[in-house]
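Got a structure for you, questions after.
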Amino acid sequence: MLTDSKAFSSFSVDDVPRAQQFYSETLGLRVTKVPDMEGLLTLHVTGDRDVLVYGKPDHAPASFTILNFPVEDVERAVDALVDRGVHFERYDGLLNVDDKGIFRGGGPAIAWFKDPAGNVLSVMQRDS
């Protein structure tokens, strides 16, 4: 029934203008406002699957990773994001990360950070 449906993901934020600034200026994504729909943004990501961001007054941050960004070099990506003011999460007692906040304990190297609404995002080492 849904085999040919072009599914997409969405998530909420508590402050749409602040989210637009973070995703466009800090992360460098192309972000557009959805025409005729106040409070909706589209994140244009590689792969032809845009992500919808919507404002929600009673927003509660996701307690899981909502968006993963595969990168060629996770350490270089972390350094670049830190230079742009991004803080990487440390999950003490759960996951051991290095000094930069990168988890290298199995699977691809990955580092988690939050958007201004508290949603969890990651950069992760892409398979070659």
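If we only count strands (runs of 3 or more DSSP E) wholly inside segment 16-100, which ones have 1 or more residues that are within 17 Å of Val120 (Cβ to Cβ)?
On the way: elements: 30-33, 40-44, 51-55, 65-71.
Fully inside segment 16-100 and qualifying: 40-44, 51-55, 65-71.
Looking only at residues that are in contact (Cβ under 8 Å) with a residue 12 or more places away in the chain and of a type in the set (Val, Ile, Thr) in segment 33-69, which one is farthest from Asp115 (Cα to Cα)?
Among residues in segment 33-69 that are in contact (Cβ under 8 Å) with a residue 12 or more places away in the chain and of a type in the set (Val, Ile, Thr), the one farthest from Asp115 (Cα to Cα) is Val34.
Scan Thr46, Thr32, Thr26 and give me the residue that is loosely packed, with under 11 Cβ neighbours inside 10 Å and polar (S, T, N, Q). Working first, answer last.
Details: Thr32 fails: loosely packed, with under 11 Cβ neighbours inside 10 Å; Thr26 fails: loosely packed, with under 11 Cβ neighbours inside 10 Å.
Of Thr46, Thr32, Thr26, the one residue that is loosely packed, with under 11 Cβ neighbours inside 10 Å and polar (S, T, N, Q) is Thr46.
Condition first: modelled with pLDDT of 95 or more and either in contact with a helix residue (DSSP H, G or I) (Cβ under 8 Å, 6 or more places away or on another chain) or assigned to a loop (DSSP other than H, G, I, E, B) (or both). Now tell me which residues in segment 1-15 satisfy that. Give the derivation first.
Pass one, segment 1-15, residues modelled with pLDDT of 95 or more: 10-15.
Hits for segment 1-15 are Val13, Asp14, Asp15.
The values are calculated or read from the model by the stated rules, or taken from the named source; none is laboratory data. In this text, all values refer to a predicted model and were calculated from it rather than measured experimentally. Heads up, the Cβs are rebuilt from the backbone with ideal geometry, glycines too, and the neighbour counts pull from every protein chain shown.
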